[in-house]
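Single-structure report; data block below.
None of the figures in this text is laboratory data; all of them are computed from the coordinates on show. Please read these numbers as outputs of a predicted model, since none were measured by experiment. All Cβ positions, glycine included, derive from the backbone under ideal geometry; neighbour counts span all protein chains shown.
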Amino acid sequence: MSRYENAILVKGLTKSYKHVPVLLGVDFQVKTGSIFALLGTNGSGKTTIVKILTTLLKQDSGSVMINGFDVAMNPEQVRQSISLTGQFVAVDEILTGRENLVMMAKLRHLRAPHQVAEDLLKRLGLTAAADRRAATYSGGMRRRLDIAMSLVGGAPVIFLDEPTTGLDPEARIEVWNIVRELSGNGTTVLLTTQYLEEAEQLADTIAILHKGKIIVSGTLEELKMLFPPAKVEYIEKQPTLEEIFLAIVGEKTEI
Amino acid sequence: MEAIKNYFLVDMSVMMGRSLRHIFRSMDTIITVTIMPIAMMLLFVYVLGGAIQTGTDNYVNYLLPGIMLIAIANSIGYTSFRLFTDVQRGIFERFNSMPVARSAALWGHVLTSLVSNAISLTVIVLVALLMGFRSSAGVFSWLAVAGILALFTLALTWVAAISGLSAKTIDGASAIAYPIHFLPLISSAFVPTSTMPRGVRAFAENQPVTSIVDAIRSLLSNQPVGSEIWVALAWCVGIMIWAYIFAMIVYRKRA
Ligand SMILES: Nc1ncnc2c1ncn2[C@@H]1O[C@H](COP(=O)(O)OP(=O)(O)OP(=O)(O)O)[C@@H](O)[C@H]1O
Ligand SMILES: [Mg+2]
């Protein structure tokens, strides 16, 4: 679908807020059409990375290429290629769900904004609530609307910052299905999450951000190989990603 | 870049459509903005008016320009508030990660302020007519009055935009309205400045509201307009340009 093997290419990314260093040289890449999960504890800098990659924040140094465009040099082209669902739901509560989607379609300069809205409402199961103000939606419905707004226009690279935080298990699985469907259609997805199970379920590649750097990244299998099962006696126990995560984070903290 | 420039008007009208929906769905803002100045007009004309010597036989005629400016000054707190909410809810972040003309979102709010003020000022003039306001001004004078009022609205709305974008709390966002409320009170809006003690008078005669009020009053009563109209225009345009530049700087930094 894209000319580039890696839809996202991050090299030596650094960022400090005032004098607090947050990113100390972050490197990773995301294959076009794959799902990439960024894991990290609270305050590790996940949102900071997402904001830099979506042109909302300027890095101090390092380079970021999205779909072949440099975020610092060609932010407009980058914005043409991406779509963001931020950590906190950003829907217009005074407008209805449908109006929110039509607005997005018009801002993306699509030809049939009402049809686009109708299709997305159906796809995210919001048809019944389409003409109610978003203020009356439940948390899960708001998040679905929020994600639907990011799907308008079919950007080739999608960023989801903790898309399932605060959702019940059923709603979470719905979001997972949407993400899988996107990736199935060739969309590149970068998501951050606190839920290790989510990364395990969804991601082709997992990266763990800790103390300003990506300390490990790879497929789930590769991560499992780094940390062989603790005991091989009578039963063979595969470590869960949670154990891997805690082992790494705990280890590095002690140094 | 070319393509993005061409969409500026489209984007701005989408943004304006959105914030117009906001004001028409909560009519209380327009109603408050309209009723308060009307109540003041009633109070001054029927309670205090008998004791005020302005040198004109019709006090409503004397009062109306100042009342209109008070209505505008009252309304801008709401623009501040709406901008603040958009920043807080992450709506601007969403727009800024999209290929949308940068200042379109702000212009949408500012033009909405213009529309809502046009509505409330029309109602205020109609009430003033019922109360005995008469004007011999011709079409061109009325157009000039409308132009000055529009400029004054734009200037104050951009000032309000600065505070809405930079405020940390909701109270901070609307605080800008308070000092601006005072300007019409210490001006020639209600009584001639010649009746004021010297220090107050010096302030009153050299602040923007007095020259604007005097210019509108001359236009409405078909008197020759002196230099005050140029002073009034200079104030409006000066404040507007300064506030626009400053608001855009704050917006870029914030986003
Ligand atoms: N605007 C800011 N000014 C100062 N410090 C900030 C700012 N934004 C974030 N930080 C700090 O930067 C660090 C990383 O924040 P960030 O929001 O990127 O973390 P996160 O991994 O997304 O956390 P969470 O899981 O809680 O969302 C935190 O210590 C935070 O306090
Ligand atoms: Mg975060």
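Descriptive notes on the structure:
- Once you reduce segment B:170-204 and segment A:105-136 to the center of their Cα atoms, the two points are 48 Å from each other.
- Note that chain B carries a Kirkwood radius of 19.1 Å, evaluated over its alpha carbons pair by pair.
- Segment A:81-204 shape via C-alpha gyration tensor axes, a/c threshold 1.5: oblate
- Given charges at beta-carbon only (K, R positive; D, E negative), |dipole| of segment A:88-154 in Debye: 120
- Cα centre as origin, Lys/Arg/Asp/Glu Cβ charges: the protein assembly as shown dipole, Debye: 1040
- Solvent-free Debye calculation, one equal scatterer per alpha-carbon of chain A: log10 I(q)/I(0) at 0.07, 0.10 Å⁻¹ equals -0.25, -0.51.
- Rg to Rh quotient for the protein assembly as shown, alpha carbon positions, Kirkwood Rh: 1.10
- Set of aspartates and glutamates with alpha-carbon distance to A:K51 below 20 Å, sequence-local pairs under 8 removed: A:D27, A:D60, A:D70, A:E76, A:D146, A:D161, A:E162, B:D86, B:E93
- 222 nm mean residue ellipticity, helices alone, for chain B (DSSP H n ≥ 4; -39,500 (n - 2.57); rounded to 500): -25000 deg cm²/dmol
- Charge sum, other residues only, whose C-beta stays under 13 Å from A:L13's C-beta, Lys/Arg counted +1 and Asp/Glu -1: +3
- A Cβ-based charge dipole, computed about the Cα centre of chain A with Lys and Arg at +1 and Asp and Glu at -1, lands at about 840 debye.
- Think of segment B:2-254 as a dipole: +1 on every Lys or Arg Cβ, -1 on every Asp or Glu Cβ, centred on the Cα centre; then among B:M27, B:M15, B:V45, B:M15 lies furthest on the positive end.
- Rg [Å, one decimal], Dmax [Å, integer] - segment B:140-231, C-alpha atoms: 15.2, 47
- Inverse mean reciprocal Cα-Cα distance (Kirkwood Rh) of segment B:84-164, Å: 15.1
- Here A:I248, A:I49 are placed in order of increasing Cβ neighbour count within 10 Å, fewest first, which gives A:I248, A:I49.
- Listed pairs A:K11/B:K168; A:K58/A:K224; A:K11/A:K224; A:K18/A:K46 exceeding 28 Å between Cα atoms: A:K11/B:K168; A:K58/A:K224
- With Cα atoms, 0 to 90° folded angle of helix A:169-184 axis to chain A main axis: 90
- Relative to its Kirkwood radius, the Cα radius of gyration of segment A:88-154 gives an Rg/Rh of 0.92.
- Neighbour counts of C-beta atoms inside 10 Å place B:Y7, B:Y46 in the sequence B:Y46, B:Y7, starting with the fewest.
- Ordered by the count of other Cβ atoms within 10 Å of each Cβ, fewest first, A:E198, A:E174, A:E242 give A:E242, A:E174, A:E198.
- Of the DSSP H helices in chain B, those whose Cα atoms cover at least 24 Å axially and whose Kyte score averages 0.5 or more: B:8-25, B:59-88, B:104-130, B:139-166, B:228-254
- Electrostatic bookkeeping for A:Q87 treats Lys and Arg as +1 and Asp and Glu as -1; over the other residues with beta carbon under 14 Å from its beta carbon, the sum is +2.
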